[in-house]
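Structure first, then comments.
Bear in mind that the values in this text are calculations on the coordinates, not laboratory data. Please read all numbers here as calculations on a predicted model, not as lab measurements. Glycine gets a Cβ as well: all are built from the backbone with ideal geometry, and neighbour counts include every protein chain shown.
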Amino acid sequence: MKLRIREFGEVDYGACWQAMRDFSGARDAASDDELWCVEHAPVFTQGRGGKAEHVLMAGDIPLVHSDRGGQVTYHGPGQLVVYVLLDTHRLGIGPRELVRRLEQAVIDLLATFGIVAERRAGAPGVYVADAKIAALGLRLRNGMSYHGLALNVDLDLAPFLRINPCGYAGLRVTRLKDLGVELDGAAVRERFIPHLARCLYGGTLPEVLRDEACWPRAGESAQMDRH
């Protein structure tokens, strides 16, 4: 079993979403799992069943209606986004356990910085005190997952004021920078990936392969636009 990690930098949200769908639709039981580490230009994304009332004022920031779970959230530069393209049948887990493992990976990472974080029942994500620092949204098709998590590193938080984050009016959001962590997204990514791999795979860690700026293609994945 192998885990392929692809580091794409900043990519267009719509193109990345389509690439995830193509990859998940083309893979089979022998396909490697993949983690796609990206950033997006400013964009609001609305989940399946998301309510329009939670978008207060999108303004000049595009709003994309996605097929992930959850309500509206914001992506922008300075946020670490990790998309998890996994065979959950092979892992032997369902969506709730996958969410729990993703949350735990973020909690474990924050603990290394001396930050106490927690999950909340019925409100997926990771919280520090009363503020959300990481959002989760997933889609599973035939046991193949895509979408993933977004961890706030040093992004501009102002756009969150234009929405009810994740469907909660007045929900505060925070970022690592405001909690005293002076690392950029690449450094946080390098610290996070080992925690994520351990939480996903437990004691049987896969062989990790790294592909920098290697675009996935049809059958293996799909073409994406890079900025």
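Data table
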quantity: Net +/- balance of residues flanking residue 178 in space, Cβ distance below 13 Å, scoring K and R +1, D and E -1; calculated: +1
quantity: Interchain or long-range residues, amide H under 5 Å from residue 208's placed H; calculated: 3
quantity: Expected-Rg normalisation [2.2 N^0.38 Å, Cα atoms] applied to the range 25-86; calculated: 1.34
quantity: Nearby lysines by direct alpha-carbon distance to residue 177 (threshold 29 angstrom, same-chain neighbours under 8 apart not counted); calculated: 132
quantity: Percent antiparallel among DSSP beta bridges (both partners in the chain, rounded to 5); calculated: 60
quantity: Cα-Cα pairs of the range 2-212 separated by more than 21 Å (percent); calculated: 50
quantity: Distance in nm between pseudo-label sites at residue 64 and residue 10 (7 Å out along the Cβ direction from Cα); calculated: 1.4
